[in-house]
1. Leaving ligands and nucleic acids out of the surface, order Glu38, Glu18 by accessible area at 1.4 Å, largest first.
2. If you rank Met45, Met61 by how much accessible surface each has, with a 1.4 Å probe, what is the order from largest down?
3. With all protein chains present, calculate the accessible area of Tyr22 using a 1.4 Å probe and round the result to the nearest 10 Å².
4. Please list Leu11, Leu49, Leu44 from largest to smallest accessible area, probe radius 1.4 Å, with all protein chains kept in place.
Amino acid sequence: MSFFAFGPHGLIRNPVEEALYYRAHIANVYTGIADPREHEASALMEVILYSNIFTTRENFMANSQQPPASQSDKRCDIVVRHLEQGTQKIRILCFVECKRTRTKSIIQFDGTGEAGN
């Protein structure tokens, strides 16, 4: 992988994102990772959210390994929250569960909010 030959493609806009993409990609010849772990996909998704969706970061935040509720012992891969104008309360906008890949694309959505297979 050469950073000198980098060119933006799709949601991948810079060499750091490309490096994360290759670490999360199936059977990657660049990193030698044939079966990437879920945390690689989570790291990529968090960076993509900030560089493509929440570009101002003014009222939104995406954090990894956060509980879905304050009393929960469970953790979500990514929790997207926003600052509610007027009340200054932080509200949960959505949860993102990233799955490790084996034979399919690393990011798939079926339109219902659930990850596709």
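1. Solvent-accessible surface, decreasing: Glu38, Glu18.
2. Greatest to least solvent exposure: Met61, Met45.
3. We get 40 Å² for Tyr22.
4. Output order, biggest surface exposure first: Leu11, Leu49, Leu44.
The values are calculated or read from the model by the stated rules, or taken from the named source; none is laboratory data. Owing to the predicted nature of the structure, the values given are computational and were not obtained by experimental measurement. Just the protein is used for accessible areas: all its heavy atoms, side chains included, with ligands, DNA and RNA removed. Shrake-Rupley method; radii C 1.70, N 1.55, O 1.52, S 1.80 Å.
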